[in-house]
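Chemist: Quick one: the structure is below, questions incoming.
The values are calculated or read from the model by the stated rules, or taken from the named source; none is laboratory data. All figures in this text were calculated on a predicted structure; none of them were measured in a lab. Because the Cβ atoms are built from the backbone with ideal geometry, glycine has one as well, and the counts that use them run over all protein chains shown. Just the protein is used for accessible areas: all its heavy atoms, side chains included, with ligands, DNA and RNA removed. Shrake-Rupley method; radii C 1.70, N 1.55, O 1.52, S 1.80 Å.
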Amino acid sequence: MNNLQFNRHRRLRNTAGMRALVRETYLHKEDLIYPIFIIDGNGVKNEVTSMPGVFQISLDYLKAEMEEVSSLGIPSVILFGVPHEHDKDEQGTGAYCHNGLVQEATRQIKKDFPEIVVIADTCLCEYTSHGHCGVVENGKILNDESLELLVKTAISQAEAGADIIAPSNMMDGFVAAIRAGLDEAGYQDIPVMSYAVKYASAFYGPFREAANGAPQFGDRKTYQMDYANRLEAFREAESDVNEGADFLIVKPALSYLDIVRDVKNNFTLPVVAYNVSGEYSMIKAAAQNGWIDEKSIVMEMLTSMKRAGADLIITYFAKDVAGWLND
Ligand code: PBG
């Protein structure tokens, strides 16, 4: 045994103090973006069945929700609208009407909590009767026709006071179109957080219940990416950088940490990992069964996203995590 040569890595793990000295990655509450679902109506607070702890709330519940978010020290929220079925139409007009759900929620938050960074999710799927993220004609999702509606949506959200526009619909050229539209309307200073690398993923299942935005026919595979592809992520991110994006989102996060790292290594914009609904639901379900320890798993999962290169994380766990970090 005496002449064995090896390294003693365990030296740096021997005590909690030593481990703290060499810890490479930290999760901060400043990294967190909390998603909020605004539902039409009054006095409505529906727990999403497949996402325990996540609620669709009407505007009258927003202030209480934001008080919690703000007192926990979460710097930012991303807003989704959940309109009534009968208010949806082919053109998704609810997405860009002046008194839309996201627009009204934005106004309310910016009035009561001006320091909170409000991110508006810019998409049509929650507002279209067919549930697709763009204009549909003969069963096809049209690209350029959809851009016009997205630009209208982005401008109406900026008018309402949104601090960041986050287009998620995966039409080609959406960053270029929205950037130009915002600039023309006088919103040169509003950044675009692009869902640059968004895969067609079964992990969005519970979100479609939360936002009531499942496609009524077909799927999203003609606009969202094939999960088998990596180089395509470079192309998507590069286009968005060239078109003027200010942040790059990779979505989903957990099964795509290699892509998060690729985007971090190859571009200089802040990288945002979207810890999506299915990633949340899996952990909730297992924790409710007593099969895993929720807090440990969540901290490990989100820290791994930061280790992979995420600067920011959109997560339904934001309030829990901020609470744990504050303790
Ligand atoms: C809308 C949108 C979706 C999500 C965010 N924005 C659904 C989809 O693209 O099908 C998913 C978020 C989640 O699963 O948490 N385009």
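Chemist: For residue 254, what accessible surface area do you get with a 1.4 Å probe? Give it in Å², rounded to 10.
Modeler: Accessible surface of residue 254 is approximately 60 Å².
Chemist: Per residue of region 267-280, in order, report the coupling 6.51 cos²θ - 1.76 cosθ + 1.60 (Karplus, θ = phi - 60°) as ³J(HN,Hα) in whole Hz, putting x for Gly and Pro.
Modeler: Listing the rounded values in order: 9, 9, 6, x, 9, 10, 9, 9, 7, 7, 4, x, 5, 5 Hz.
Chemist: Along the three principal axes, how long is region 145-238 when you take its alpha carbons, biggest first, rounded to the nearest angstrom?
Modeler: The principal-axis extents, from largest down, are 39, 32, 24 Å.
Chemist: Sticking with this one: Can you check how the C-alpha radius of gyration of region 26-326 compares to 2.2 N^0.38 Å, as a plain ratio?
Modeler: In units of the 2.2 N^0.38 Å rule of thumb, it is 0.92.
Chemist: Return the sequence-ordered ³J(HN,Hα) values of region 125-130 in whole Hz as given by the Karplus equation 6.51 cos²θ - 1.76 cosθ + 1.60 applied to θ = phi - 60°, using x for Gly and Pro.
Modeler: 3J(HN,Hα) across region 125-130, in whole Hz: 4, 6, 10, 8, 5, 8.
Chemist: Please check: in the Gaussian network model of the chain (C-alpha springs, under 10 Å), which one of 143, 275, 289 has the largest mean-square fluctuation.
Modeler: 289
Chemist: Moving on. How long is the gain from residue 295 to residue 64 if the chain were fully straight, where each residue apart is worth 0.36 nm and the alpha carbon distance is subtracted?
Modeler: In short, 80.7 nm is gained.
Chemist: Do any of 140/319; 45/295; 63/221; 264/319; 110/221; 251/319 go past 31 Å between their Cα atoms, and which?
Modeler: Pairs exceeding 31 Å: 140/319; 63/221; 110/221.
Chemist: Let me ask something else. Rounded to the nearest Å, what's the spacing between the alpha carbon centres of region 270-287 and region 16-35? Just the number, please.
Modeler: 18 Å
Chemist: Specify the angular offset, from 0 to 90 degrees and rounded to the nearest 10, of the alpha carbon long axis of helix 257-266 from the longest principal axis of the alpha carbons in the chain.
Modeler: Between helix and principal axis, roughly 80 degrees.
Chemist: Could you rank 125, 97 by how accessible they are, 1.4 Å probe, largest area first?
Modeler: I get 97, 125, largest accessible area first.
Chemist: Would you rank 98, 132, 84 by solvent-accessible area, highest first, keeping every protein chain in place and using a 1.4 Å probe?
Modeler: Highest to lowest solvent-accessible surface, that is 98, 84, 132.
Chemist: Related question: Quick one: longest stretch of the chain between exposed loop chymotrypsin sites (Phe, Trp or Tyr not before Pro), exposed meaning at most 12 other C-beta atoms within 10 Å and loop per DSSP?
Modeler: Segment 27-216 is the longest.
Chemist: Could you order 171, 18, 282 so the one with the most accessible surface comes first? Probe is 1.4 Å.
Modeler: 282, 18, 171
Chemist: Next question. Taking springs between alpha-carbon atoms closer than 10 angstrom, which of 13, 208, 230 fluctuates most in the Gaussian network model of the chain?
Modeler: Maximum fluctuation in the GNM of the chain, among the listed residues, is at 13.
Chemist: Sticking with this one: Which far-off residues, 5 or more places away or on another chain, put their amide H under 5 Å from the one on residue 196, with H placed in the peptide plane?
Modeler: Excluding prolines and chain starts, which carry no amide H, the hits are 249.
Chemist: Considering the zone a paramagnetic label at residue 221 would reach in this model (a point 7 Å from Cα along the Cα-to-Cβ line), which residues of region 184-209 have amide N under 15 Å from it?
Modeler: Residues 199-203 qualify, since their backbone N sits under 15 Å from the label point.
Chemist: Something else now. Going by alpha carbons, how many degrees (0 to 90, nearest 10) lie between the helix axis of 62-72 and the longest principal axis of the chain?
Modeler: Computed tilt is about 20 degrees.
Chemist: Nearest-5 percent of antiparallel DSSP beta bridges in region 1-98?
Modeler: DSSP beta bridges in region 1-98 are roughly 25 percent antiparallel.
Chemist: Among DSSP beta bridges lying fully in the chain, give the percent that are antiparallel, nearest 5.
Modeler: Beta bridges within the chain, antiparallel portion: roughly 15 percent.
Chemist: Compare 205, 186, 17 in a GNM of the chain, Cα atoms joined below 10 Å, and give the one with the largest fluctuation.
Modeler: In the Gaussian network model the winner is 17.
Chemist: Tell me the mean residue ellipticity at 222 nm calculated for the chain from its helices only (DSSP H runs of n ≥ 4, each -39500 (n - 2.57), averaged over every residue, nearest 500).
Modeler: Rounded to the nearest 500, the figure is -11500 deg cm²/dmol.
Chemist: Only Lys, Arg, Asp and Glu count, each charged at its Cβ (+1, +1, -1, -1), so figure out the dipole size of the chain about its Cα centre, rounded to 20 debye.
Modeler: Roughly 1740 debye, rounded to the nearest 20.
Chemist: How high is the relative contact order of the chain, in percent, counting Cα pairs under 8 Å that sit 6 or more residues apart?
Modeler: 18 percent
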